[in-house]
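Here is the structure we will look at.
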Amino acid sequence: MFLCQFNRGLVRQVIVSTISQLSVFVAGAAYCWFEPLTLRLREDPNFMMSTEGVSWLIALIELGCVISPIIAGYLSDRYGRKPVLLSVGPMCVVGWVMAVLWKNIWVLAVMRVLQGMAVGVGFTLAPIYTAEVADPKLRGVLSGTFQTAFYTGALYVFCTGPYLNYDNFIYTSLPVPIVFTIIFSFCPETPYYFLMDGKEEKAKEVLKYFRDSIDVDEEIAKMKAAVEEETSGSSSWRTLFFDKGERKAFIIVNIVCLAKFMTGMPVIANYAVETFSMASSFLPPEEMSIVLMSILAGIAVLAAFLSDWFGRKPLLLVSCFGCFIAHLFTGLYYYLHERTSYEDQPWMLYLGIVLYCFFSDIGLGPLLQTLLGEMFGANTRGLAGGITEGLGAVWCFVALKLYSPVNEALGVYFNFWFYSVVAFVSGVILWIMLYETAGKMIGEKEDKPNKGAS
């Protein structure tokens, strides 16, 4: 009987978490849709894009990603996680409608910013929502589906974009955010938010639903004590930057954030066709991009289970140093290809890219969102997530905007060797600073420092 009850609660957690992660699928499609159409849009008389114009349109999505996360964090603390996360769907719907009704480069620019705002909201709140409804023992697995959802969304547009005309491509992308909006509207708010809002009975009802048990008093008591401790006294801004434990957590997640985005993942996702077109390949660049996203999505499925099996810290260290080696290898291929007369060895490129996909996907890719969901207290979680995702958008913008100019000035190899250095330095810092969070209550720190300690 207990097993059946436990399984029902488990199934509910998995289903609701998966539905919330549809926001990330929607965000992945919005983030990457421009890449498979880039070459054709350059020749379309409605757009007439230059290389510089393309690089700006690719990078502009990060402007929206900078704007929305802090706002989303604030609004989610005030009005709830669910309604703010739900806004991802309508924002993307408006963007897709704009793209199909008004075909010019300025409308696309506005659309990219709007979709960037949706991406920022999804990236900030989906991991928080998942962490706050999940059992601590399941949190790593359920939070790990974030990366799978993002790559699956990207794979969706990579598979449809090269084979459909512009209008039909938009029509196939439009239903996805509509479906998310409808389904997620039936999901409950998180128990943590209800406790923050002083609605203990509603928090109990939601927790009973997710645990499939009427005996949740002990867990509610722990949650309530944590929320009261975390929300008492100082403001969320002061707590985040002046409390020793919160400040250390903030530094750690932002090292992970910088490593995730400045080791090249935004570039791999948005310049895949261009990158593969600069190398010898047995497949067309568009099909190589599909293979790449398929590998990323496939590894992400496996990686969702790894953080609870091995812990967050070991996986992040292996991820950083693995990316260091992979980018060294890829950079070597492009150096030989561009700077020497050495005969091309395409297997070097494929091996380097596959190694990067694997090592990035088991640590840096999924675990930033996992850490954002579990390292902070209740009154700093939204703020910390918003600031971190905003800074992540800045790193993405820098990586995306500099990629083409660095290619032209120094060569593709220089980009990959720079990513390699970032991965190595980040790994060393995390080796020193990072503490394990697997299996702990949300917001539980390494050493439980006194509030207000500096």
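Could you go through region 314-324 and let me know if any residue there is closer than 19 Å to L355 by Cβ, open to solvent by 20 Å² or more (accessible area, probe 1.4 Å) and either modelled with pLDDT under 85 or among the small types (G, A, S) (or both).
Start the filter on region 314-324 by keeping residues that are closer than 19 Å to L355 by Cβ, which leaves 314-324.
Remaining after also requiring open to solvent by 20 Å² or more (accessible area, probe 1.4 Å): 314, 317-318, 321, 324.
Going one step further and asking which of them are either modelled with pLDDT under 85 or among the small types (G, A, S) (or both), we end up with none.
No, region 314-324 contains no residue that is closer than 19 Å to L355 by Cβ, open to solvent by 20 Å² or more (accessible area, probe 1.4 Å) and either modelled with pLDDT under 85 or among the small types (G, A, S) (or both).
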Check: For residues in region 136-186 being surrounded by 19 or more Cβ atoms within 10 Å (Cβ to Cβ), farther than 26 Å from V267 by Cα and among the hydrophobic types (A, V, I, L, M, F, W, C), which is modelled with the lowest pLDDT?
Finding: V141
Note to self: Scan region 100-107 and tell me whether some residue there is open to solvent by less than 10 Å² (accessible area, probe 1.4 Å), on the phi < 0 side of the Ramachandran plot and assigned to a helix (DSSP H, G or I).
What the structure shows: no
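If the requirement is being modelled with pLDDT under 90, surrounded by 14 or more Cβ atoms within 10 Å (Cβ to Cβ) and more than 30 Å from V133 (Cβ to Cβ), which of these qualifies: L400, L410, L434? Don't jump to the end; show me each part of the working.
Values: L410 fails: surrounded by 14 or more Cβ atoms within 10 Å (Cβ to Cβ); L434 fails: more than 30 Å from V133 (Cβ to Cβ).
Among L400, L410, L434, only L400 is modelled with pLDDT under 90, surrounded by 14 or more Cβ atoms within 10 Å (Cβ to Cβ) and more than 30 Å from V133 (Cβ to Cβ).
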Check: Are there any pairs with C-beta distances below 7 angstrom linking a residue in region 185-201 that is among the hydroxyl-bearing types (S, T, Y) to a residue that is modelled with pLDDT under 85 and open to solvent by 40 Å² or more (accessible area, probe 1.4 Å), with the two at least 6 apart or on different chains, and if so which?
Finding: none
Next item on the list: Residue by residue through region 76-97, note down the ones that are surrounded by 18 or more Cβ atoms within 10 Å (Cβ to Cβ) and either part of a loop (DSSP other than H, G, I, E, B) or hydrophobic (A, V, I, L, M, F, W, C) (or both).
Entry: G80, V84, L85, L86, S87, V88, M91, C92, V93, W96
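Could you tell me how many of the residues in region 260-311 are in a helix (DSSP H, G or I) and either in contact with a Cys (Cβ under 7 Å, 6 or more places away or on another chain) or modelled with pLDDT of 75 or more (or both)?
From region 260-311, those in a helix (DSSP H, G or I) are 260-262, 265-270, 272-277, 285-310; that's our starting set.
Then keep just the ones that are either in contact with a Cys (Cβ under 7 Å, 6 or more places away or on another chain) or modelled with pLDDT of 75 or more (or both); that gives 260-262, 265-270, 286-302, 309-310.
The total comes to 28.
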Item checked: Only one of G245, G264 that is touching a Pro at 6+ places or on another chain (Cβ under 8 Å) and under 30 Å from S426 (Cβ atoms) -> G245
Notebook entry, point to check: List, please: which pairs have Cβ atoms under 7 Å, are six or more places apart or on different chains, and start with a residue in region 156-175 that is within 18 Å of V97 (Cα to Cα) and end with one that is not in a helix (DSSP H, G or I)?
Noted result: V157/W33; G161/W33; T172/L164; S173/W33
Check: Hey, does region 364-382 have a residue that's among the small types (G, A, S), open to solvent by less than 20 Å² (accessible area, probe 1.4 Å) and closer than 15 Å to C257 by Cα?
Finding: yes
Margin query: When you scan region 387-406, do you find a residue that is over 24 Å from the mean Cα position of the chain (by Cα) and either closer than 17 Å to Q147 by Cβ or not aromatic (F, W, Y) (or both), even just one?
Written below: yes
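State the number of residues belonging to region 122-135 that are of a type outside the set (F, W, Y), open to solvent by 10 Å² or more (accessible area, probe 1.4 Å) and within 20 Å of V84 (Cα to Cα). Spell out the reasoning first.
Taking region 122-135 first, the residues of a type outside the set (F, W, Y) are 122, 124-128, 130-135.
In the following step, the residues that additionally are open to solvent by 10 Å² or more (accessible area, probe 1.4 Å) were identified as 135.
Going one step further and asking which of them are within 20 Å of V84 (Cα to Cα), we end up with none.
The qualifying residues number 0.
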Check: Taking the condition out of contact with any Asp or Glu (no Cβ under 6 Å at 6 or more places or on another chain), modelled with pLDDT of 80 or more and farther than 30 Å from V354 by Cβ, does E218 pass?
Finding: yes
Note to self: Cβ-Cβ distance below 8 Å, separation of 6 or more or different chains: which pairs start in region 84-101 with a residue that is without any contact (Cβ under 8 Å) to a residue 60 or more places away in the chain and end on one that is buried (at least 20 other Cβ atoms within 10 Å of the Cβ) and among the hydroxyl-bearing types (S, T, Y)?
What the structure shows: V84/S76
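So which residues in region 311-337 are within 21 Å of G411 (Cβ to Cβ) and touching a helix residue (DSSP H, G or I) at 6+ places or on another chain (Cβ under 6 Å), if there are any at all?
Answer for region 311-337, where residues must be within 21 Å of G411 (Cβ to Cβ) and touching a helix residue (DSSP H, G or I) at 6+ places or on another chain (Cβ under 6 Å): C323, F324, A326, H327, L328, F329, T330, G331, Y333, Y334, Y335.
Please find, among M98, M49, M91, the residue that is at pLDDT 85 or above and over 30 Å from M196 (Cβ atoms). Lay out the reasoning, then the answer.
Working: M49 fails: at pLDDT 85 or above; M91 fails: over 30 Å from M196 (Cβ atoms).
Every option except M98 fails the conditions.
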Next item on the list: Just name the residue that is modelled with the highest pLDDT out of those in region 52-70 that are open to solvent by 60 Å² or more (accessible area, probe 1.4 Å) and touching a Ser or Thr at 6+ places or on another chain (Cβ under 9 Å).
Entry: I70
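The values are calculated or read from the model by the stated rules, or taken from the named source; none is laboratory data. As the structure is a prediction and not an experimental result, all values here were calculated from the model. Counting neighbours? That spans all protein chains shown, and the Cβs are built from the backbone with ideal geometry, glycine included. Calculation scope for accessible area: heavy atoms of the full protein, side chains included, ligands and nucleic acids excluded. Shrake-Rupley method; radii C 1.70, N 1.55, O 1.52, S 1.80 Å.
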